[in-house]
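Worksheet for the structure shown next.
The values are calculated or read from the model by the stated rules, or taken from the named source; none is laboratory data. Here the structure is a predicted model, which is why all the values come from computation and not from measurement. Here Cβ is always computed from backbone atoms with ideal geometry, including for glycine, and neighbour counts include all displayed protein chains.
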Amino acid sequence: MDNEAVLTNDQQYTIFKYGKYVIRFKAPYSLEKYTQIKEWDHGYLVVMAKYRHNAEAEEEYIDLIPILEELYFNADDFLRPIEKVRISYD
């Protein structure tokens, strides 16, 4: 889907993919995986994440806007077409 982004993680990085872009940023050291997207709001994610130190998934928050700005993206233009984010470990 053209309006769908993907969130995943690989070892010590969180990975956000949209279109031709793959944005990696440091994840918490004990993150095992993301389990659910609870909310997507134009760059702000509420997710459930599983950590090694806890048997249950915990609610976490990811704000992509400062990350995108640090990479010299126009955050508003980049995020505008994204309607949905899904988790994938393909």
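Observations on the structure shown:
- Among (1) without any contact (Cβ under 8 Å) to a residue 24 or more places away in the chain; (2) under 18 Å from Lys84 (Cβ atoms), the one test that Gly43 misses: (1)
- Looking only at segment 1-41, residues that are within 17 Å of Glu70 (Cα to Cα) and more than 12 Å from the chain's Cα centre (by Cα) come to 1 in all.
- Some residue of segment 30-38 being out of contact with any Ser or Thr (no Cβ under 9 Å at 6 or more places or on another chain), surrounded by 11 or more Cβ atoms within 10 Å (Cβ to Cβ) and either over 14 Å from Leu7 (Cα atoms) or free of Cβ contacts under 8 Å to residues at least 12 places away in the same chain (or both): yes
- Candidate set from segment 1-45 (those that are of a type in the set (A, V, I, L, M) and in a loop (DSSP other than H, G, I, E, B)); member that is modelled with the highest pLDDT: Ala27
- Single unsatisfied condition, Ser88 versus (1) within 18 Å of Asp2 (Cβ to Cβ); (2) surrounded by 15 or more Cβ atoms within 10 Å (Cβ to Cβ); (3) under 11 Å from the mean Cα position of the chain (by Cα): (2)
Table: residues versus (1) surrounded by 12 or more Cβ atoms within 10 Å (Cβ to Cβ); (2) of a type outside the set (Ser, Thr, Tyr).
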| site | (1), (2) |
| --- | --- |
| Thr8 | yes, no |
| Tyr13 | yes, no |
| Phe16 | yes, yes |
| Tyr21 | yes, no |
| Phe25 | yes, yes |
| Asp41 | no, yes |
| Glu58 | yes, yes |
| Ile65 | yes, yes |
| Phe78 | yes, yes |
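- Some residue of segment 67-84 being assigned to a strand (DSSP E or B) and more than 16 Å from Arg24 (Cβ to Cβ): yes
- Test: residue in segment 10-24 that is in contact (Cβ under 8 Å) with a residue 24 or more places away in the chain and out of contact with any strand residue (DSSP E or B) (no Cβ under 7 Å at 6 or more places or on another chain): yes
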